[in-house]
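Here is the structure we will look at, set down as structure tokens.
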Amino acid sequence: AQSVTQLDSQVPVFEEAPVELRCNYSSSVSVYLFWYVQYPNQGLQLLLKYLSGSTLVKGINGFEAEFNKSQTSFHLRKPSVHISDTAEYFCAVRTSGSRLTFGEGTQLTVNP
Amino acid sequence: EPEVTQTPSHQVTQMGQEVILRCVPISNHLYFYWYRQILGQKVEFLVSFYNNEISEKSEIFDDQFSVERPDGSNFTLKIRSTKLEDSAMYFCASSTIVAGAVQETQYFGPGTRLLVL
């Protein structure tokens, strides 16, 4: 069975600083990888996804992530964050079947 | 842009009562899901549904849960006899099917926050 580990439960950063949210997965088969964002009191919005091809994927709001098969990682990055990026970020994996398996989430707080 | 909608946004119920959570998936989507998120915990898969059948379910989805597509637009989750531990945010999601294959991206609704007292 697959699992997802988000290594940081909370990441505080200052506005305009770069950020990296870490995600590792375990699976013995090919995976599809996703990052979702949850703003306060809202649902889950897809940020970006890796299905195949280029290991560097770009998403909305200036975020990008890199799939690293050898390290089984899919870290999310943004070169310069804004206050409005404050939210909870979830990494998720899908292998066979239809279910998404989510990580525990990382609360990103951007301070002025 | 089309989106998944859910009603109600909040529901408070007494333990032992039945609740029905409603979802309207994106109109051309045919694969549907329910997930839940207990406060402070990760989002957990409950069930997926296609062609009027459950495709996959988790160990959480026991006999007190059921899903239904009562008409061409709604998708419901029923909890027969609610327990305190059913208090959570429940998310509906949908995805499309292309050439017989379920597409990987699931689009989530805003959720229904259920509180069982």
Sequence order, the range A:35-51: Karplus ³J(HN,Hα) from phi using 6.51 cos²θ - 1.76 cosθ + 1.60, θ = phi - 60°, Hz rounded, Gly and Pro as x, gives 10, 10, 10, 10, 7, x, 6, 10, x, 8, 10, 5, 8, 6, 8, 10, 10
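How high is the relative contact order of the range B:23-107, in percent, with contacts defined as C-alpha pairs under 8 Å that are six or more residues apart? Mind dumping the intermediate values first?
Values: 145 pairs, mean separation 30.7, N = 85.
Relative contact order here is 36 percent.
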Between chains B and A, total accessible area buried, probe 1.4 Å, no ligands or nucleic acids, nearest 100 Å², roughly 1700 Å²
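With the full set of protein chains in place, find how many percent of the accessible area of chain A is carbon and sulfur; take the probe as 1.4 Å. Walk me through the intermediate numbers first.
On the way: 2620 of 5310 Å².
Whole-percent figure for carbon plus sulfur exposure: 49.
Residues of the range B:14-96: accessible area per residue at 1.4 Å, in Å²?
On the way: 3910 Å² over 83 residues.
Using a 1.4 Å probe on heavy atoms only, each residue of the range B:14-96 averages 47 Å².
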Need the per-residue list for the range B:73-117: every residue with at least 50 Å² less accessible surface in the complex of protein chains than in the chain by itself, probe 1.4 Å, sorted by number. B:Glu104, B:Thr105, B:Gln106, B:Phe108
Could you pull out the pairs from A:Lys49/B:Lys57; A:Lys58/B:Lys57; A:Lys58/B:Lys42; A:Lys69/B:Lys42; A:Lys78/B:Lys42 whose alpha carbons sit more than 28 Å apart here? A:Lys58/B:Lys57
Residue by residue through the range A:63-74, the couplings from Karplus 6.51 cos²θ - 1.76 cosθ + 1.60 with θ = phi - 60°, in Hz, x for Gly and Pro, are 7, 9, 9, 10, 7, 10, 5, 5, 9, 6, 10, 8
Apply the Karplus parameterisation 6.51 cos²θ - 1.76 cosθ + 1.60, with θ equal to phi minus 60°, to every residue of the range A:5-15 and state each ³J(HN,Hα) to the nearest whole Hz, in sequence, with x for glycine and proline. 10, 9, 6, 10, 7, 9, 10, x, 9, 8, 4
Protein accessible area in chain B, 1.4 Å probe - carbon and sulfur %: 48 percent
Which residues, if any, in the range A:22-45 have at least 50 Å² less accessible area in the whole protein complex than in the isolated chain, probe 1.4 Å? A:Leu44
In the range A:65-102, accessible area falls by at least 20 Å² from chain alone to full assembly (1.4 Å probe) for A:Phe90, A:Arg94, A:Ser98, A:Arg99, A:Leu100, A:Phe102
What accessible area per residue, rounded to a whole number of Å², is obtained for the range A:3-111 using a probe radius of 1.4 Å? 46 Å²
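The values are calculated or read from the model by the stated rules, or taken from the named source; none is laboratory data. None of these values were measured; they are calculated from a predicted model. The protein model used for the area step is the full one, side chains on, heavy atoms only, and it has no ligands, DNA or RNA in it. Shrake-Rupley method; radii C 1.70, N 1.55, O 1.52, S 1.80 Å.
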